[in-house]
Amino acid sequence: MGHVDEFVQFLPVESQRGWGVVVADPEAGLRILRHAQKAGHGHVPMYSRRTDIPKNVVTGEKCIETTIRCLSKPAPEKTIGEYLADTTVVKTNMEASKRIAGNIDILKSHTSITDDEIDRLPTLLNNVERDELSFIGPRADDEKLAVFAASPGAFNSVVLTGFGTYLAPNPWGPLIEDKDVMAEVMKKFYEELGWKDKFLDNWNSHHSWGAEVHCATDTKREMNRRWWS
């Protein structure tokens, strides 16, 4: 969508400040896949979600249903090896890493946040043609890169006040030894920060449209202190 919360989030944590910063790390996402490929899992599908979109829609025929499934897209049928072999995908993730690093430098220069307070979550991104997705806004004159989360993105989620629960879209990553490797990384990452993931399936309802859980929710907050001070 081009919003800040697509690659950075501010999360309550146990620290003197009371909050920390989580940023997307596409290079780390690639490393996870490369490690899996090196371990002999290159043939494993990139996405573990089974398509529940009507078969006639998948094959290009007119959908006769009136549900959101008719307007969604099935998970791409790519293996880990095929994903990594796509030079455009790799280049996109490496370039996005540079852009994210540049934005974090800006954040650090305007706040007192330090590297010790920044945690980096492995993430994977895909390049998209903005012209084909008019709903995400106009293209900037000097724009050279536009990306979406390759799998449902953890950043576009909801932190529940006082419950220690983090509502995140199910990433539907590769299944290795019956475990979703991307979901396992996410769960461990947020648990170390004091949060427990609760995964929701928003593939048809929002991910297919370039959105995630955060885009579909509204929350009421207790603003009884100046958390930013």
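Laid out as a table, the results:
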quantity	calculated
Residues being in contact with a Cys (Cβ under 9 Å, 6 or more places away or on another chain) and either of a type in the set (Val, Ile, Thr) or farther than 17 Å from Phe7 by Cβ (or both) - total across the range 154-201	0
The range 4-31, residues that are on the phi < 0 side of the Ramachandran plot and surrounded by fewer than 13 Cβ atoms within 10 Å (Cβ to Cβ)	Val4, Glu14, Ser15, Gln16, Arg31
Residues of the range 171-180 classified as more than 17 Å from the chain's Cα centre (by Cα) and buried (at least 18 other Cβ atoms within 10 Å of the Cβ), total	0
Those residues of the range 181-204 which are assigned to a loop (DSSP other than H, G, I, E, B), in contact with a Ser or Thr (Cβ under 8 Å, 6 or more places away or on another chain) and open to solvent by 20 Å² or more (accessible area, probe 1.4 Å), in sequence order	Trp195
Boolean, Ala168 is in a loop (DSSP other than H, G, I, E, B), of a type in the set (A, V, I, L, M, F, W, C), modelled with pLDDT of 80 or more and open to solvent by less than 60 Å² (accessible area, probe 1.4 Å)	no
Every residue from the range 32-46 that is in contact with a Ser or Thr (Cβ under 7 Å, 6 or more places away or on another chain), surrounded by 14 or more Cβ atoms within 10 Å (Cβ to Cβ) and not in a strand (DSSP E or B)	Gly42, Val44, Met46
Search result, residues across the range 66-87 that are at pLDDT below 90 and either closer than 18 Å to Gln37 by Cα or not hydrophobic (A, V, I, L, M, F, W, C) (or both)	Thr66, Thr67, Arg69, Ser72, Lys73, Pro74, Pro76, Glu77
Every pair of residues 6+ apart whose Cβ atoms lie under 9 Å, when the first sits in the range 108-121 and is farther than 15 Å from Val8 by Cα while the second is part of a loop (DSSP other than H, G, I, E, B)	Ser112/Arg17
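The values are calculated or read from the model by the stated rules, or taken from the named source; none is laboratory data. As the structure is a prediction and not an experimental result, all values here were calculated from the model. All Cβ positions, glycine included, derive from the backbone under ideal geometry; neighbour counts span all protein chains shown. Just so you know, the surface numbers come from the protein's heavy atoms only, side chains and all, with ligands and any DNA or RNA stripped out. Shrake-Rupley method; radii C 1.70, N 1.55, O 1.52, S 1.80 Å.
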